[in-house]
1. From the list B:159, B:174, B:184, which one is surrounded by 13 or more Cβ atoms within 10 Å (Cβ to Cβ) and more than 10 Å from chain A (Cβ to nearest Cβ)?
2. Being among the acidic types (Asp, Glu), in a helix (DSSP H, G or I) and in contact (Cβ under 8 Å) with a residue 12 or more places away in the chain is the requirement here; does residue A:231 meet it?
3. Going by the conditions given, is residue B:188 in contact (Cβ under 8 Å) with a residue 24 or more places away in the chain and more than 20 Å from residue B:119 (Cβ to Cβ)?
4. Restricting to segment B:114-142, give me the number of residues that are within 13 Å of chain A (Cβ to nearest Cβ) and not in a helix (DSSP H, G or I).
5. Out of everything in segment A:450-465 that is out of contact with any Lys or Arg (no Cβ under 6 Å at 6 or more places or on another chain) and touching a residue at least 60 places away in the same chain (Cβ under 8 Å), what residue ends up being farthest from residue A:490 (Cα to Cα)?
6. So in segment A:379-408, with the set limited to residues that are within 14 Å of chain B (Cβ to nearest Cβ) and of a type in the set (A, V, I, L, M, F, W, C), which one is surrounded by the most Cβ atoms within 10 Å (Cβ to Cβ)?
7. Please enumerate the residues belonging to segment B:257-272 that are more than 7 Å from chain A (Cβ to nearest Cβ), out of contact with any Pro (no Cβ under 6 Å at 6 or more places or on another chain) and either crowded, with 24+ Cβ neighbours inside 10 Å or among the acidic types (Asp, Glu) (or both).
8. Residue A:297 - would you say it is assigned to a loop (DSSP other than H, G, I, E, B), hydrophobic (A, V, I, L, M, F, W, C) and under 30 Å from residue A:461 (Cα atoms)?
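The values are calculated or read from the model by the stated rules, or taken from the named source; none is laboratory data. Here the structure is a predicted model, which means the values were calculated and not measured. As a convention, Cβ positions derive from the backbone with ideal geometry for all residues, glycine included, and neighbour counts pool all protein chains shown.
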Amino acid sequence: MVRLPVAGAALVAAALITTSAQAQDVRIGVSAEPSSMDPHFHNLTPNNQIMRHIFEPLVFMDSRQAVKPGLAQSWKVVDDKTWEFKLQPNVKFHDGSDFTTDDVIATLARAPDVPKSPASFAPYIRGKKVEKIDDLTFRIITETPNPLMLNQLAQFGIISKKNKDMATEDYNSGKAAVGTGPYKFAEYVAGDRVVMTRNDSHWGGKPAWGKVTIKAVKSDPTRVAALLSGDLDIIETVPTADVQRLKKDTRLALGSALSNRVIYFHLDRHRAETPYIKARDGSAIRNPLNDLKVRQALSMALNRPAIVERIMEGEAEPASQFVPESYPGTSKKLKPTAFNLDGAKKLLAEAGLPNGFRMTIHGPNGRYANDAKILEAAGQMWSRLGLEVSVESIPSANFFSRASTGGAGGVPEFSLFLVGWSAGTGETSDSVKALIATFDRAAGMGAANRGRYSNPKVDELTRIAIATVDDAKRNALLAEATEIAMADIGIIPIHYPLNTWAARKDIAIEPRSDEYTLAMSFKLK
Amino acid sequence: MLAFILRRTGQGLFVIAAMVLIVFFGVNVIGDPVWILVSPEMTQDQIAEVARNLGLDQPVHVQFLHFLKGIAEGDLGRSFVHGQPAIKLILERMPATLELAFVALLLAIVLGIPLGLYAGLRPDHPLSRGIMAVSILGFSLPTFWVGLMMIMVFAVMLGWLPATGRGPVSHIFGIETSLTSLEGLRYVLLPALNLALLKISLVIRLARAGAREAALQDYVKFARAKGLSPRRIVGVHILKNIMIPIVTVLGLEFGSLVAFSVVTETIFAWPGMGRLLLEAIQRLDRPVIVAYVVVVVCLFVLINLVVDILYSVLDPRVRLSETSS
């Protein structure tokens, strides 16, 4: 019964002449679809990466997230709170109009307040005032010193002043999707694809591809199959299980870069008794995670190289801190904690817990590469340490709300849990500020500090660092804060995953650490 | 007839209201969408602002009142993720799903009925046994696995058919479809077959059971005695009599094809509303989930109505007023 339709399909298929794509066209398979064509609607990688083709930011980030001139040709720091920018001359929008300071002003006015936006660009824009000097020169004045000015300006694209008051629907329909970027909006089929064509008069030179089609193929095996069958030319987020096989395929080329993401365990530090840790007989005990020796033991008992080799299939590197060492503001002294089971057992005994305890560890399922498997492996490693560990993987829709506010009184619920964090700004201060600074709503610090770690010394260094405009000084302060927090085991870092792309053999890949899939990163060899 | 339709509509409205109530409060128990939506760099105040913008800072019953107010104005709520009216997102993707379900249904009928009839009329023939054995496979193999295998074999290894997506779309009488071109048919074949697999097996079993029973009936013997050709006996007398259960089941199954094509659409990257539902569930896009349920319940009510009317066409003995009691 299965055979009949298949034979029919074969006949139909054989009779058809497959339409082959033009050599200059490229079809890219991404893992998640964008929620809109409005560049300022939703600050989310699947949206941002598509928007980057059409709308360009003032400052670019290269494939390693280092800042470089974009629509702003040059800049200088006038004083601690004033930056002066000079725009690229002779830049034109897709509709032929000139790009000037007024477009920058219009963008900064629109981007933070798009109606119904679920995640706006306000964090990068609030507190910035623009002062026009001439058509190609302007100043940005901030309320407090802002060393991350450039990194923040690199996060959002510039729209034409004509489209300042256009609604998100007008961008989705393409009417307002007019930018200065290397590719022009051609078609958006919600839930299926975005098609863009070459902007022949792009200021940066002629773009490489005639037509770019970005298709959302959510299912990992299907995305790989679509590449193998030639339906797609490039795919992002190659599943780790397929990497070795694809590397052996002579028709394909792979490219990977260490990502700006760290996968780590957060530990409950705000409760004297933590809900998911009990004595072996089930009775309540004081929260052992408040004991440095216990935290050290947990970190030492994790066999990071094994997780990287066996579970991530080599597609990761053991982690020592919040952001990979190649980024500014990281500590060059820190090394991933070495696996030492006997040492860990000794520390646990010294902490007065030679018989261990019973605990449940939590993590999301399907949010990060192999997240549930890593959680299981960590559970097994801690069982070998002599703990009685249960593992609970939760769908991310539920995990993040429970991990943030699920406990009694709206505090984080879990005791020891796996999370990931990526440094979107391409440096360390945002990570330190969000993950490890004391949770303080009024100051906007520690927003992602779901363990509620608190160390006055780290807070002090962080506060000074985020107001220090001098790069070298700031980075030294951040490295110091990181070293203190890591010596205190504020988090238990596991690994930094690799971002891997696969493409047809004749396409050269420039892999990016920020996980963005851009047609500009691919060229015909 | 009119009284029947009115009564059915009333019942349908009640079912819709009950489902909306259950689903609205059900999805509100699971997680907090704010934590899925916000970007990690946001501060506590900015996160609270997002919750306020989306109305998520209100207690559930207040949110429900807002929702009811929206319904009164013909608005089922806006998607948190897309910022668009939820019903618009669903209707936008509906033609693709209807098209897929339609082709799957067609495959189920065209393949299922002849194969089932054959197996029913010659139950001991080896071919019949083969058909039944394969239909068991159709029942028991998981859809996602069969889908992946189809892609591996027909797209990757043989390269006959495209692995994913929907073909070029054209508009016929205002209806968006990809079925008018050969290219479009190539795209729809694998996903539709994958979606139809279970239904084909179902139809085979129904047709076989019906045919076996009907073949022994007096009217068949009489027809044979009268000297009618076997073709006429099978094609008219038996077929017509076994159609009632098949039409009932297919009607209901068409609803489930449309409503639950989630797995197939995800595997084949088919841009339909099933994938939208999956994303909505993963991102806790509550308005889309609720609107989807409303659409699907409406669809089922409508299909049941059509099936009941078809009954009376197929079997004049059935009166509509009776079936509803």
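1. Answer to the check: B:184.
2. no
3. yes
4. The qualifying residues number 1.
5. Among residues in segment A:450-465 that are out of contact with any Lys or Arg (no Cβ under 6 Å at 6 or more places or on another chain) and touching a residue at least 60 places away in the same chain (Cβ under 8 Å), the one farthest from residue A:490 (Cα to Cα) is A:450.
6. Result: A:399.
7. The answer is B:257, B:258, B:261, B:265, B:272.
8. Criteria not met by residue A:297.
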